[in-house]
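Just below is one structure, and these are the notes that go with it.
The values are calculated or read from the model by the stated rules, or taken from the named source; none is laboratory data. Worth saying up front: this structure is predicted, and the values here are computed from it rather than measured. Neighbour counts are summed over all protein chains in view; Cβ atoms, including those assigned to glycine, are modelled from backbone coordinates with ideal geometry.
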């Protein structure tokens, strides 16, 4: 990766022009960059070896704490909803999370572009902490679900900011590897989260399992905050930062700047489209009238109208001079294919691994909280290992496309194995084996797909395209959770009423709504056999749907361009992780057109900094 896309004459190299023209890559000039982007590019030039290492150490600590929290609270959700006699609403909670996750990513990335990375990190941590407190204090399932708004907003904001920070401080060749840093803690926490949840349930309550993180998370954020703040102060002392947008502005002028810089109306359109399309999917599944309800249909129609209006608004320079998702991003083949892969990847995950596999293990196979958590999280462990391994492959082969294709094939094979071996008669070993197969496929898909999307745009658009990718991934997860909830709500109660003995048929609704009651029957009893059969047949339907959703990823992977990452130029400025000795741009074949010296003052980090 080079520091510039210009030839020796100062003009863009031939192949860079081809990339821009053919791929629709949003390669923006420095003048187009917003204040937050310009600030981080200037601040990045003040990084030293040790300050950058300390920032990454802080990033890892934060990732460790959030992964431990997620793997602990995941095991508590079914008990929280069961405490309110609403276990079946686990999928609704996940859909709420998915909708918020999808809605929040673009505004948070835009906020980071306008105000700065440190400010966005602080906002995310604050919202995240509020979510913990709300969940711990909730008194019914409605307030618990509402608490997901703050919890998910903070969580997803932190997720997107971690990836943006990594993109700011690494070159393309090393980015896949460093993008895996937030996932590395799963190698440890996947085994410690479920026992912690078990201990919390036995010695305290599920409420304390949420409340304790409101103390732990802000403390864990301090090292990263200190590293970012120190570099910001250093840049201010050097007087290299551009003047503030708000300096000398009236209230009206500041509001006008904010309106255009944040692309406020565009974000409203996008948020409304996502919310009004995804929420009806859940309401239709849970409401008695379903799709016959006029309000549900009206929300869906308005959501579709907003979705159509969004690209129209973004393409108008008079309306959106600082668009978040420019038309070039929305017409970029590699970006669209990569985002679609992310959509189906998460949709499959939320119909096969989450949200009901955990409950299935406890009811059908009578596993403990710890064992069910370990089996469920085998996917996270395996996919993390696979993503690290494939990142090393990408680093040394400089290619990513066929990693995604291979991953899609393994993912589909793994889902097929789930249908065959996730049965009542299967051993726990065979169930774990299928989880490993699916995890390997997932690890080969997610990170390379995100990398391919980022490689197709300039540094100015990295935050936008990363948010676009992760937003669509979350939409896929919300769609998958909604499908799971619809199938679970429609099929499981009917099957319980069909298979339960006559004396117990009246308890079908209670058994459906409370996992503790469902797993309380003796193995081999008439009620236990009936409940296990109902759970098994419902799970079979979910897995068949997952297999169908998995198929499109294979042709989509073939649509992505196979960039040579060693010769791509994303114009990342300042001190970055990775070695860049070339300033080539390439066409789709990856053949370099020119060799140019890197820009003066550009630095890299390969164990030590050096001036290019």
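A few remarks follow.
- Restricting attention to the stretch 149-165, the residues that are surrounded by fewer than 22 Cβ atoms within 10 Å (Cβ to Cβ) and without any contact (Cβ under 8 Å) to a residue 60 or more places away in the chain total 2.
- Summed over the stretch 407-450, residues that are closer than 18 Å to residue 337 by Cβ and buried (at least 24 other Cβ atoms within 10 Å of the Cβ) total 12.
- Scanning the stretch 431-447 for residues that are more than 14 Å from the chain's Cα centre (by Cα) and assigned to a helix (DSSP H, G or I) yields a total of 11.
- Scanning the stretch 182-191 for residues that are modelled with pLDDT under 80 and surrounded by fewer than 18 Cβ atoms within 10 Å (Cβ to Cβ) yields a single hit, 191.
- Among the residues making up the stretch 357-416, those that are under 21 Å from the mean Cα position of the chain (by Cα) and assigned to a loop (DSSP other than H, G, I, E, B) are 377, 400.
- Any hit, the stretch 469-486, residues being over 20 Å from the mean Cα position of the chain (by Cα), in the same structural domain as residue 100 (by TED's automatic domain parsing) and either assigned to a helix (DSSP H, G or I) or under 26 Å from residue 409 (Cα atoms) (or both): yes
- Number of residues in the stretch 505-530 that are buried (at least 18 other Cβ atoms within 10 Å of the Cβ) and either at pLDDT below 80 or over 34 Å from the mean Cα position of the chain (by Cα) (or both) equals 8.
- Flag for residue 158 being closer than 30 Å to residue 389 by Cβ and at pLDDT 85 or above: yes
- None of 298, 347, 337 is assigned to a helix (DSSP H, G or I), modelled with pLDDT of 85 or more and within 16 Å of residue 483 (Cα to Cα) except 347.
- Flag set for residue 149, criterion: at pLDDT below 90, under 19 Å from the mean Cα position of the chain (by Cα) and more than 27 Å from residue 447 (Cβ to Cβ).
Okay, residues lined up against (1) surrounded by fewer than 24 Cβ atoms within 10 Å (Cβ to Cβ); (2) over 17 Å from residue 278 (Cα atoms); (3) in contact with a strand residue (DSSP E or B) (Cβ under 6 Å, 6 or more places away or on another chain):
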| residue | (1), (2), (3) |
| --- | --- |
| 305 | yes, no, no |
| 311 | yes, yes, no |
| 318 | yes, yes, no |
| 325 | no, yes, no |
| 331 | yes, yes, no |
| 335 | no, yes, no |
| 338 | no, yes, no |
| 347 | no, no, no |
| 354 | yes, yes, no |
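- Failed condition for residue 561, given (1) in contact with a helix residue (DSSP H, G or I) (Cβ under 7 Å, 6 or more places away or on another chain); (2) assigned to a helix (DSSP H, G or I); (3) at pLDDT 85 or above: (2)
- The stretch 311-334: number of residues that are part of a helix (DSSP H, G or I) and modelled with pLDDT under 80: 5
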